[in-house]
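Asks: My questions will all concern the structure given below.
The values are calculated or read from the model by the stated rules, or taken from the named source; none is laboratory data. Source: prediction; values computed, not measured. Cβ placement follows ideal geometry from the backbone for every residue including glycine, while neighbour counts extend to all protein chains displayed.
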Amino acid sequence: MAHVIHFTTDRFDPATEPPNPINPIPGHSVLAWLCCELQALGYDTTDTGAEDWGWYAYTKSGPMSYMLGASGEPESGKHFHWIIAITGRRSLRDRLFGRNKMLADDELSATVERLLRAQDDFRIEAIEKEA
């Protein structure tokens, strides 16, 4: 299951981000901000990396491990539509035995949503929780 959060904000400037060497898609600044916020809450996060769809990092909380993804696309003017994707990572053993599934009420997903809602200059547009 993946949880995807769509939001807008003018806080992040893609022109100041390091270039994505694979595909010129912004998202590094959003993910760096999110990882910093999660680390302050006790989550163990990795550095960000580039992918063809944007940027990623990994985080862990208890037995759960996740991949965080972020990307953005311009709307009108300086406005950007940002996407944060949260995907649970499970070992083969977890998948075989049905353990550590990412549920609709996942703790990390709820934490990310709370962090976004706490920002006065962020506007959540949609939250998708895929099965």
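Results for (1) free of Cβ contacts under 8 Å to residues at least 24 places away in the same chain; (2) of a type outside the set (A, V, I, L, M); (3) in contact with a Ser or Thr (Cβ under 8 Å, 6 or more places away or on another chain), shown as yes or no for each residue.
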site: PHE80; (1), (2), (3): no, yes, yes
site: ARG89; (1), (2), (3): no, yes, yes
site: ARG95; (1), (2), (3): yes, yes, no
site: LYS101; (1), (2), (3): no, yes, no
site: ASP105; (1), (2), (3): yes, yes, no
site: ALA110; (1), (2), (3): yes, no, no
site: LEU116; (1), (2), (3): no, no, no
site: PHE122; (1), (2), (3): no, yes, yes
site: GLU125; (1), (2), (3): no, yes, yes
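Asks: Output the residue which, of all residues in segment 65-74 that are of a type outside the set (Ser, Thr, Tyr) and under 12 Å from PRO14 (Cβ atoms), is modelled with the highest pLDDT.
Replies: Start the filter on segment 65-74 by keeping residues that are of a type outside the set (Ser, Thr, Tyr), which leaves 67-70, 72-74.
When the remaining residues are screened for being under 12 Å from PRO14 (Cβ atoms), the result is 70, 72-74.
Numbers: ALA70: 98, GLY72: 95, GLU73: 90, PRO74: 83.
Top of the filtered list is ALA70.
Asks: I need a count of the residues in segment 10-47 that are of a type outside the set (D, E, K, R), farther than 26 Å from LYS101 by Cα and more than 15 Å from the chain's Cα centre (by Cα).
Replies: 10
Asks: Follow-up question, since we're still on this one. Name the single residue that is farthest from PRO63 (Cα to Cα) among those in segment 103-121 being at pLDDT below 95 and either in a helix (DSSP H, G or I) or touching a helix residue (DSSP H, G or I) at 6+ places or on another chain (Cβ under 7 Å) (or both).
Replies: ALA110
Asks: Counting only residues that are buried (at least 20 other Cβ atoms within 10 Å of the Cβ), touching a helix residue (DSSP H, G or I) at 6+ places or on another chain (Cβ under 8 Å) and farther than 20 Å from GLU75 by Cα, how many does segment 21-42 have? First the steps, then the outcome.
Replies: Filtering segment 21-42 down to residues buried (at least 20 other Cβ atoms within 10 Å of the Cβ) leaves 26-31, 34-35, 38.
If we keep only those that are touching a helix residue (DSSP H, G or I) at 6+ places or on another chain (Cβ under 8 Å) as well, we get 26, 29, 34, 38.
Narrowing the set further to residues that are farther than 20 Å from GLU75 by Cα leaves 34, 38.
Within segment 21-42, residues that are buried (at least 20 other Cβ atoms within 10 Å of the Cβ), touching a helix residue (DSSP H, G or I) at 6+ places or on another chain (Cβ under 8 Å) and farther than 20 Å from GLU75 by Cα number 2.
Asks: Which ranges mark the strands (runs of 3 or more DSSP E) fully within segment 51-102 that have 2 or more residues being among the aromatic types (Phe, Trp, Tyr), surrounded by 12 or more Cβ atoms within 10 Å (Cβ to Cβ) and out of contact with any helix residue (DSSP H, G or I) (no Cβ under 7 Å at 6 or more places or on another chain)? Can you show your working first?
Replies: Numbers: elements: 54-61, 64-74, 80-89.
Answer list for segment 51-102: 54-61.
Asks: Of all residues in segment 1-12, how many are surrounded by fewer than 19 Cβ atoms within 10 Å (Cβ to Cβ) and either free of Cβ contacts under 8 Å to residues at least 60 places away in the same chain or more than 25 Å from SER76 (Cα to Cα) (or both)?
Replies: Final tally of qualifying residues: 2.
Asks: Run PRO21 past the list (1) under 17 Å from PHE7 (Cβ atoms); (2) of a type outside the set (Phe, Trp, Tyr); (3) in contact (Cβ under 8 Å) with a residue 12 or more places away in the chain and report the number of the one that doesn't hold.
Replies: Looking at each condition in turn, PRO21 falls short on (1).
Asks: Check LEU96 against each of (1) in contact with an Asp or Glu (Cβ under 7 Å, 6 or more places away or on another chain); (2) farther than 17 Å from CYS36 by Cα and name the one condition it does not meet.
Replies: Going through the list (1) in contact with an Asp or Glu (Cβ under 7 Å, 6 or more places away or on another chain); (2) farther than 17 Å from CYS36 by Cα, LEU96 breaks only (1).
Asks: Determine, yes or no, whether ALA126 is surrounded by fewer than 17 Cβ atoms within 10 Å (Cβ to Cβ) and outside any strand (DSSP E or B).
Replies: Working: surrounded by fewer than 17 Cβ atoms within 10 Å (Cβ to Cβ): yes; outside any strand (DSSP E or B): no.
So ALA126 fails the test.
Asks: Could I ask something else about it? Do we have PHE97 as among the aromatic types (Phe, Trp, Tyr) and closer than 25 Å to LEU41 by Cα here?
Replies: When the stated conditions are applied, PHE97 does not pass them.
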